[in-house]
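First up is the structure itself, then whatever we jot down about it.
The values are calculated or read from the model by the stated rules, or taken from the named source; none is laboratory data. Fair warning: this is a prediction, and the values are worked out from it, not measured in the lab. Here the Cβ positions follow ideal geometry from the backbone for every residue, glycine too, while neighbour counts run over all protein chains shown.
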Amino acid sequence: MAMLEPVHPLTPKSWYLPSKPHKFCPGCGHGIVLKALGENIDELGIQDKTIFGCDIGCSLLAWNFFACDSTQTHHGRTTPVMVGIKRSRPELITVGYMGDGGGYSIGSQHLLNAAVRNEKVTLILVNNTNYGMTGGQMAPTTLPGQKTETSPYGRDPEQTGYPTKGPEFIAQLTPDSAYVARATVSKYNQLKRFIRNALRNQIEGNGFSFVEVLSTCPTNWRTNAQQTWRFLEDEMEPYFPVGELKSPFGKGDK
Amino acid sequence: MTGNETAAWAALAAGAEVMFGYPITPQNEIMHYWTRMAPKYDRGFLQTEDEISAGFTVCGSVQSGKKAFTATAGPGNVLMQEPFGMAEGMRLPLLAIIQQRGGPSSGTVVYSQQEVTLTTFGGNGEGHRIVYSTATHQEIYDYIIKGFNTAWTYRFPTFILGDGYQAKMREPLELYSPEDKGIKMVEPYPLIGLPGHIGEDREPKHLCNIYSLEEELYEVVMKISAEYEAISPELTEYQERECDDAEIIIVSHGVVSRAADDAVTALRAQGLKVGCFRPITLRPFPAQELKNCIQKSGAKKLLIAESAYGQLFRLVRQEIYGETVPMETLFMPGVGIIDYDIMSKIKSML
């Protein structure tokens, strides 16, 4: 019997293959975001000078995802670590990777002030409306009525406020040289373009670059494939509008 | 000049490339002097949003190969324990100058020796840190220069533990370039952002501080512990005076050791057999050296004197475990101790 040739899926050159297959749950959106990032690193030719920093939470599972130099940090502290590196070595391309808990809650003071200072770093924040790694607690981005482990009867905005709209507030804090966008894993080409713009903005030395990416978490949402996609497209995307909020590269893309 | 000005000059002379800081009294003037000098000497500075950020930006900066430092005090030192923990776990050559203020809480902005426990064993780790407790402005200058070399040689977070009195008072000292004294400064080097093409010239560098399995972390901590213990004998520093025949040995550190030194002079003039021992490194602690002092003198008592309520005392007790010499204490948390205080206490012990 003839041996079948194993099938090697196409992967970005900047992926670190010994760490594949990756460790994210089935149905998780992180892999899509990291594919878009990897393809952009390849196409921009920045693999050797990219520093990938990952936060604590599910994003830390990406710590050895790329064949780029990388560092782990603490929960919420990726932003200042990237700022420290970028200010010390401006020739490096620093990419901070975090979740909505790390960026909007425990690290919000860093995100806000880095944006105000227009730090020349690129931050990618994956919004899956909950704390995935710690077991599905309420996040700043949990939707009204959404059930999580710490909002078991549904998030009550009277008690805990409304979901954080990160790109909207960051757009208010930054000058025109910043890049601010929200993408979704359901629109891959747009996601890839936004991440590319966020990298390009740093490469050109313009200013702060931030992309929030709406993503999926079927494990903690306790959803099947169809329910997962429905929650992303029909619940999250209407609340968190996708598009470029601020771009030095011309008119915003909705 | 003041101790804070001294600290800024020392960092400059040591070749520090960038400071990340956040205002808190009594360390502010380190930033004030640094920000005045930095542009003239092509050095960097960032005032961060808080001490957490100051510590983590230093972590990032040293990872990228720059000689970076910070300075803080009191509640700021509390906030910086998180990045200090990262520096311990990832073996980052971070240098922090701590100018102790009164505690707990916001305490006072003035002075104390109440950040000994925090600086030596703060964080969720094992105290794998190197802590120099200075007593004079000359030492602030000397040990900051030495501290950068210690940090970059051994890659353990390194602390210069001063206090509000040392920060604010004025004292003469000699400023110098390290090379004029034959001190070779250790060149910093990057841990990430390395040269060469990944996949051709080298593998990517993935720095790690979180582990999936207990056994993985165990291996890491045991390795760090073994390395720390191996270098400890060459790092420990101390001073002793008049201990050979001392019936009472005063143990103190930092600025209080100056009062102890004066007290020994005065008491010896009165014919009393008193000596003093001062750990310069609080981590690693010169335990064997203190034990030797106790044994060779046959001291009948130790007096632990500190501007805290037992932080040095606890450190000494654990470090000289097994010694049976009785210990008395002079605890004056958050206030200064002068020779008279120590002499009065000694006389009450006779």
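Elements of the type strands (runs of 3 or more DSSP E) sitting completely within the stretch A:20-130 and holding at least 2 residues that are more than 13 Å from every other protein chain (Cβ to nearest Cβ): these cover A:93-99, A:122-127. The criterion of at least 1 residues that are touching a Leu at 6+ places or on another chain (Cβ under 9 Å) is met, among strands (runs of 3 or more DSSP E) falling completely within the stretch A:155-254, by A:179-184, A:209-214. Looking at B:Q100, B:Q114, just one residue is buried (at least 22 other Cβ atoms within 10 Å of the Cβ), under 11 Å from the mean Cα position of the chain (by Cα) and not aromatic (F, W, Y), and that residue is B:Q100.
Taking the conditions exactly as written (buried (at least 24 other Cβ atoms within 10 Å of the Cβ) and farther than 19 Å from B:E51 by Cα), does A:G53 satisfy them or not?
Yes: the conditions hold for A:G53.
Among the residues of the stretch B:315-347, those that are of a type in the set (G, A, S) and either outside the structural domain of B:L302 (by TED's automatic domain parsing) or touching a Ser or Thr at 6+ places or on another chain (Cβ under 7 Å) (or both) comprise B:G334, B:G336.
Results for (1) in contact with a Pro (Cβ under 8 Å, 6 or more places away or on another chain); (2) facing chain A (nearest Cβ under 8 Å); (3) farther than 24 Å from B:P26 by Cβ, shown as yes or no for each residue.
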{"residue": "B:S53", "(1), (2), (3)": "yes, yes, no"}
{"residue": "B:G60", "(1), (2), (3)": "yes, yes, yes"}
{"residue": "B:S64", "(1), (2), (3)": "yes, yes, yes"}
{"residue": "B:A68", "(1), (2), (3)": "no, yes, no"}
{"residue": "B:T72", "(1), (2), (3)": "no, no, no"}
{"residue": "B:G76", "(1), (2), (3)": "no, no, no"}
{"residue": "B:Q81", "(1), (2), (3)": "no, no, no"}
{"residue": "B:F84", "(1), (2), (3)": "yes, no, no"}
{"residue": "B:E88", "(1), (2), (3)": "yes, no, yes"}
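What are the residues in the stretch B:147-192 that are among the charged types (D, E, K, R), in a helix (DSSP H, G or I) and surrounded by 13 or more Cβ atoms within 10 Å (Cβ to Cβ), if any? Answer for the stretch B:147-192, where residues must be among the charged types (D, E, K, R), in a helix (DSSP H, G or I) and surrounded by 13 or more Cβ atoms within 10 Å (Cβ to Cβ): just B:K168. Scan (1) outside any helix (DSSP H, G or I); (2) under 27 Å from B:P286 (Cβ atoms); (3) within 11 Å of another protein chain (Cβ to nearest Cβ) for the single condition B:I98 breaks and write down its number. Of the numbered conditions (1) outside any helix (DSSP H, G or I); (2) under 27 Å from B:P286 (Cβ atoms); (3) within 11 Å of another protein chain (Cβ to nearest Cβ), the odd one out for B:I98 is (3). At least 3 residues being within 14 Å of chain A (Cβ to nearest Cβ) and among the basic types (K, R) is the threshold, and among the helices (runs of 4 or more DSSP H) wholly inside the stretch B:193-299 not one reaches it.
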